[in-house]
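S.K.: Pasting a structure here, questions to come.
The values are calculated or read from the model by the stated rules, or taken from the named source; none is laboratory data. None of the values given here were measured: they were computed from a predicted structure. Positions of Cβ are generated from backbone atoms using ideal geometry, with glycine treated the same way; all protein chains shown enter the neighbour counts.
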Amino acid sequence: MSINNFNFDFYNRFLDQKIYKSDLKEKIDMLLHRVTKPARYIGVEPYSIHKNNPFYRFLFTYPDIYEIGMSNLTVKLFYHIINNIEEACCERCFMPEQDLYEMLLNEHVPIFSLESWLPVKSFDIWGFTVQTELVFSNILAMLKLANISVDIFSRSEDDPIIILGGVSAFNPFPLSSFIDLFFIGDGEQAIEKIVKTDIENKRKHLTRKERIDKLCRIDGCFSFVDILNTAKNEFLKVNNRLKSECSFKNADFSDEKFISFLEFLNNNSATFFDRIDPIIPGCIDNLDNVDYPAFQILPFVRSIQDRPSIEVARGCLNGCRFCQASYIYRPYRERDALKVAEIAVKTSIHTGYEQCNLSSLSVSDYTNIIPLVKSLENYFNDRNISLSLPSLRVASFDIELFSSLQSIRKSGLTFAIEAGSEKVRLKINKEFTEEKFFTILKSLYEKGWRLVKLYFILGFPDLENEAEDIEKLLDNIIKNFKGLRVNVSIALLIPKPFTPFLYDKQLDSELFLNFVKRLKYKYRNGKMQIKYPDPYISHLEYFFANGAFDASTMLFEAYKNNVAYDAWDEKRKNGFYEKYFASFEIPFFIKNKIDISQYFSNNKFSEFLKIERNKYKTGETTENCALNENICYDCGSCNPPFINRRSKVYNDYEISSFINLLDEPHYLANCLKKNDKARGFCIRFSKKDYYRYIGHIDFYTLFIKLLRLFGFDLVYSEGFNPTAKIFFPFPSSLGSETIDDVVLISACNEIVDDEIILEQIKRFLSGGLEISSITAIESFDKFRKQNYFIEYLDIPFNNDGESDEILVDKIENYLRLGHFDIRDIHVDGNKLKITSYIEENQKNIVKYLNTYNEQIDFSSFYKRKIEIQKKSF
């Protein structure tokens, strides 16, 4: 692709952006001075989008902390799709960390969007995507922070419509009393319909209820508002406490009465479920039609998956009988290999990431996986980008292919083994022999691999010796591969709806713990490391996944008691839910043997699950129907045009040739040329305003991405784990505002026109990061030897009552004890001003000063300026 193919029009949307913050700015600024990692909340990241006073506002949330939410692919896709609608804007909001959560709650500051710091009530729709039931309590906690009533009856016309989707929405019943609108299925095309439909709703001044009714006409959208209204009136009549026409808005309707209503729903659930109309999931027939963003927000705090992730296929027809996703995301659809290559290359160019991930439920089954990976590896290797893949199926493993992947070599291969014996693997439809697995390990070992990761699941129904089988397999690995390090993760099975285990109870947590703890002790001194999740958290997920109004009751009690962060060992409130488990014992749908899938439009699927459960008993496998068009198990998932769709077959040459056409130069290519010879550059930059909230390590990671996307061909170190040659001699601390800071880099570039480069960078960066000069230097060492570096500090502090002269003398003596080369120090009002020569990586003066006197607080939100002076020889 030539420079003419660069999408300047689309890129221009990110230039010259003005930051608009709400009237909450002053309050939020003060809060951010007191929290850890305030960069989570500032919302001015590169490629974030800021629209001034749009007609329609959509707030999108993954209900966990920033680092988790910014790794979520749906967040990236929906943010891009909605912001492409002219009249709409999409902003983000994540679950705040505990420190900010408590401040917002106690100081009555409403939770806000990242981009504009607007309170949630300013938005038309608040959308949630959920990938695990363990975030359900976070959703209710966020409603509380937003001052939005938790129950659907008490909301006003001023409240946004609450819509929830994602894999955990396939059992919507635990949240049915709290969420206005649900969506299930593929959402990329539906979200555009939802927003455009509601824009028209707003233009017509429809009521909140009328808007919900209109949105329910879109495939995948449904609401329980009408059914719950009917149930509410029946409840009121039965209890004879309020007139039937009374609204839940009545202040007399207490939390206790709402709990009674949930109990009423639980006791009269049959009537409730009988009123549900068939739900039609949203579905996309061709993934190539999904608008995939090449320009993705660069997080200010490193996300847990710090890389772009490209979905090569959706669904999986291997049919592992414990895997809910493999049953929900049917039919199986592959993205065309050339489209995958295009997304991978463009996203890597425009984001500056050093890694790219190809993802799917079973990536090694993707039709073009071998030629695609080889072609991308060839392209990425010269650009210091590594390719990563998720866990691998033993049955479709290709050792020559995966031996070439640098990223996997560093971190080790991951195999999803699941069970310790072939007999159990056949039962769960995971077909491979121990002999094949050991052949793979032998080949890996001979090729120099010394680390593998293995995943197991414990607690499959009606089995004996399951744990012993896992232990026996691990013993055999140790016996045969004495130099191999093995990281083993053992999870407790979570039976879920839409799987053959939908009626099965979970293994007792204590039995699980007894086994894994014994195993961990047994292998404590060897190269086998055993890890396992908290089984009590797994049990909570099991209950919410299979619960209905019993789970609603538990969630409402959690809401009342400010319980959240259930997925986090170190944050969750231990022991809170256990008292409710004693009352409810078995979750509703398992206790009553109800198959949730019957409420969906596919009336064949429930029977298909029964057949699969019988096959589990007999150990009969189910072949992948996507690999054989003559096989059909009549599961009802294929409904033209929604059918299994595999990619056209390509060879290495075809994909590589296409990638070469895509190798578009950066938009600064005419003024920043690539050069065969590496040289040094000194970059002067200022970090002010919102950027002062970014800690140095996070800023370092971000700056490398920025340099790469600006077109710098950074030089990397040699060895096992190459790193970019970039050096901050005077790293700034979180909170400090820095003028004319210094960073040294080594890159294979030649600057043709520095004015154009600086002007374009200035237009791209907003929020407080400015680059003032980029100067070629001969080498790092000569640059250091030829220059002095002077630091000017302006530090707010509170004086404990001593005179300025005495205080200055004491502080100066204290600084000299710390070996700081002080040139001037004086007090100006409530600020301490210091001028000093500064050495590379010297101690931070402000942190050092705060060890001087507990009665004097030197603020970490200070200003500093760096000056470079030439040495005279």
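S.K.: For segment 540-547, check the following and say yes or no: at least one residue is hydrophobic (A, V, I, L, M, F, W, C), part of a strand (DSSP E or B) and touching a Ser or Thr at 6+ places or on another chain (Cβ under 8 Å).
M.R.: No: segment 540-547 contains no residue that is hydrophobic (A, V, I, L, M, F, W, C), part of a strand (DSSP E or B) and touching a Ser or Thr at 6+ places or on another chain (Cβ under 8 Å).
S.K.: In segment 380-398, what count of residues is obtained for those that are more than 13 Å from Val345 (Cα to Cα) and among the β-branched types (Val, Ile, Thr)?
M.R.: 1
S.K.: With a cut-off of at least 2 residues that are at pLDDT 95 or above, name the helices (runs of 4 or more DSSP H) lying wholly within segment 1-118.
M.R.: Working: elements: 8-12, 25-32, 66-69, 73-83, 98-107.
In segment 1-118, the matching helices (runs of 4 or more DSSP H) lie at 25-32, 66-69, 73-83, 98-107.
S.K.: Turning to a different aspect of this structure: Regarding Ser168, is this residue part of a loop (DSSP other than H, G, I, E, B), of a type in the set (S, T, N, Q) and either more than 29 Å from Ser597 (Cβ to Cβ) or out of contact with any Cys (no Cβ under 9 Å at 6 or more places or on another chain) (or both)?
M.R.: no
S.K.: Starting from segment 377-388, keep only residues that are in a strand (DSSP E or B), then list their pairs with residues that are of a type in the set (A, V, I, L, M) whose Cβ atoms are within a distance under 8 Å, requiring at least 6 positions of separation or different chains.
M.R.: Ser386/Leu405; Leu387/Leu358; Leu387/Val373; Leu387/Leu376; Leu387/Leu405; Ser388/Leu358; Ser388/Leu405; Ser388/Ile408
S.K.: Looking at segment 837-850, is at least one residue surrounded by fewer than 16 Cβ atoms within 10 Å (Cβ to Cβ), out of contact with any His (no Cβ under 6 Å at 6 or more places or on another chain), of a type outside the set (Ser, Thr, Tyr) and not in a loop (DSSP other than H, G, I, E, B)?
M.R.: Yes: one or more hits.
S.K.: Identify all residues within segment 635-694 that are in a strand (DSSP E or B) and under 26 Å from Ile739 (Cα atoms); write none if there are none.
M.R.: Leu672, Arg679, Gly680, Phe681, Cys682, Ile683, Arg684, Phe685, Ser686, Lys687, listed by residue number.
S.K.: On to the next question. Determine which member of the set Leu206, Leu265 is on the phi < 0 side of the Ramachandran plot, surrounded by fewer than 16 Cβ atoms within 10 Å (Cβ to Cβ) and at pLDDT 90 or above.
M.R.: Only one candidate qualifies: Leu206.
Results for (1) in a helix (DSSP H, G or I); (2) outside the structural domain of Lys863 (by TED's automatic domain parsing); (3) under 29 Å from the mean Cα position of the chain (by Cα); (4) surrounded by 16 or more Cβ atoms within 10 Å (Cβ to Cβ), shown as yes or no for each residue.
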| position | (1), (2), (3), (4) |
| --- | --- |
| Lys705 | yes, yes, yes, yes |
| Phe712 | no, yes, yes, yes |
| Gly719 | no, yes, no, no |
| Leu734 | no, yes, yes, yes |
| Val742 | no, yes, no, yes |
| Ile745 | no, yes, no, yes |
| Glu759 | yes, yes, no, no |
| Gly767 | no, yes, yes, yes |
| Ser772 | no, yes, no, no |
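S.K.: Follow-up. Give me a count of the residues in segment 806-827 that are part of a helix (DSSP H, G or I), modelled with pLDDT of 90 or more and over 20 Å from Ser733 (Cα atoms).
M.R.: Applying the first criterion (part of a helix (DSSP H, G or I)) to segment 806-827 yields 806-817.
Still in the running and modelled with pLDDT of 90 or more: 808-817.
Still in the running and over 20 Å from Ser733 (Cα atoms): 808-814, 816-817.
Of the residues in that region, 9 qualify.
S.K.: Taking the residues in segment 322-364 that are buried (at least 22 other Cβ atoms within 10 Å of the Cβ) and charged (D, E, K, R) as candidates, determine which candidate is farthest from Leu387 (Cα to Cα).
M.R.: Going through the qualifying residues, I end up with Arg330.
S.K.: Any idea how many residues of segment 205-220 are outside any helix (DSSP H, G or I) and either under 22 Å from Asp158 (Cα atoms) or of a type in the set (Lys, Arg) (or both)?
M.R.: 5
S.K.: Which one is surrounded by the most Cβ atoms within 10 Å (Cβ to Cβ), of the residues in segment 654-671 that are out of contact with any helix residue (DSSP H, G or I) (no Cβ under 6 Å at 6 or more places or on another chain) and modelled with pLDDT of 85 or more?
M.R.: So, considering only residues that are out of contact with any helix residue (DSSP H, G or I) (no Cβ under 6 Å at 6 or more places or on another chain) and modelled with pLDDT of 85 or more, the one surrounded by the most Cβ atoms within 10 Å (Cβ to Cβ) is Glu654.
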